[in-house]
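One structure is given here, and the rest of the page talks about it.
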């Protein structure tokens, strides 16, 4: 059987289950089985992660601690311990490396693995995912979920399918039927607002999406329309980038009290710049574009950017340009968060997508 998409790759997406919260429950047994939020404490706190017990009450990451506590009165807040999360993440990464060097970490708790060619000479990516999840449990006492398919788009969908502590394989012969039956809101890259727009246009499933031409989708959704046209046909050839390079590096700070004066914000800029310099020191990559981020009291976000004719990584220059951007125009309201980002790095390149090829399924998936 031949396919329009590339059926020759085997990609696994591994996603740790409620990672930060699970680590806290493992390290503190008295928290097991209880609704838990990592972060979110204080009047201005934001939830970084929620246990599955808390999720039953509608508590989610990026939610304010105040709202989380309203939804779950018995919610327990704990301070994040990122050094501990990184320690365990590195343990998991070593397990991945025993199977392949083609690893693309997305964060501390998830990564793509290309196991088309693997160190153990295994044929079945499904069995590999089972082995990897079992090894993670043995090494850390934590569960992980996995998605297995021909590309990153489908693997990402699969890893969320049987969470927690499950996996789903979408082999080549099932790709098109699976996508055609899939609710459009489950398509990776289709957010809540885009899904609502699609519903309004009569697009509810992949089959509905597939009826639209590339031109019509681009007219309705811009460049993303071309992406939707391809992925519903199983075409997503982005490689697993084992040397994945950050496109930007930034730091930000949320204030206990909203600030309404540029003078007060200028004082905070120096601390944010210091935090940014610590991150830049690890990457050692100069950039051309400095962006100032302002989040106002009503949660609206404004960004102001300046691109230089030369690359910079010096603290004094970045600070002075951020300060210039701060005074570029008057504040629209009081400010609750300020951030600085450096991007447009020297030598930055975006990997070109590999061309689609027709292939035949010759080995088990």
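The values are calculated or read from the model by the stated rules, or taken from the named source; none is laboratory data. These numbers come from a predicted model, not from an experiment. Neighbour counts are summed over all protein chains in view; Cβ atoms, including those assigned to glycine, are modelled from backbone coordinates with ideal geometry.
When you go through 207, 195 one by one, which is the residue that is surrounded by 13 or more Cβ atoms within 10 Å (Cβ to Cβ), without any contact (Cβ under 8 Å) to a residue 12 or more places away in the chain and in a helix (DSSP H, G or I)?
195
Looking at 231, 240, can you tell me which residue is surrounded by 13 or more Cβ atoms within 10 Å (Cβ to Cβ), in contact (Cβ under 8 Å) with a residue 60 or more places away in the chain and under 18 Å from the mean Cα position of the chain (by Cα)? Before the answer, list the steps.
Details: 231 fails: under 18 Å from the mean Cα position of the chain (by Cα).
When all the criteria are applied, what remains is 240.
If you scan the stretch 125-141, which residues turn out to be out of contact with any strand residue (DSSP E or B) (no Cβ under 9 Å at 6 or more places or on another chain) and more than 18 Å from residue 89 (Cα to Cα)?
Of everything in the stretch 125-141, just one residue is out of contact with any strand residue (DSSP E or B) (no Cβ under 9 Å at 6 or more places or on another chain) and more than 18 Å from residue 89 (Cα to Cα), namely 127.
Can you go through 122, 113, 90, 106 and tell me which one is surrounded by fewer than 20 Cβ atoms within 10 Å (Cβ to Cβ), under 21 Å from the mean Cα position of the chain (by Cα), closer than 21 Å to residue 169 by Cβ and assigned by TED's automatic domain parsing to the domain that holds residue 165?
Details: 122 fails: under 21 Å from the mean Cα position of the chain (by Cα); 113 fails: surrounded by fewer than 20 Cβ atoms within 10 Å (Cβ to Cβ); 90 fails: closer than 21 Å to residue 169 by Cβ.
When all the criteria are applied, what remains is 106.
Which residues, taken from the stretch 63-87, are in a loop (DSSP other than H, G, I, E, B) and exposed (fewer than 13 other Cβ atoms within 10 Å of the Cβ)? Full working, then the answer.
Residues of the stretch 63-87 in a loop (DSSP other than H, G, I, E, B): 63, 72-75, 79-81.
Across the stretch 63-87, the qualifying residues are 73, 74, 79.
Looking at the stretch 210-224, which of the residues that are more than 22 Å from the chain's Cα centre (by Cα) and part of a helix (DSSP H, G or I) is surrounded by the most Cβ atoms within 10 Å (Cβ to Cβ)?
Checking each candidate, the answer is 217.
In the stretch 37-54, how many residues are modelled with pLDDT of 90 or more and either more than 14 Å from residue 85 (Cβ to Cβ) or part of a loop (DSSP other than H, G, I, E, B) (or both)?
7
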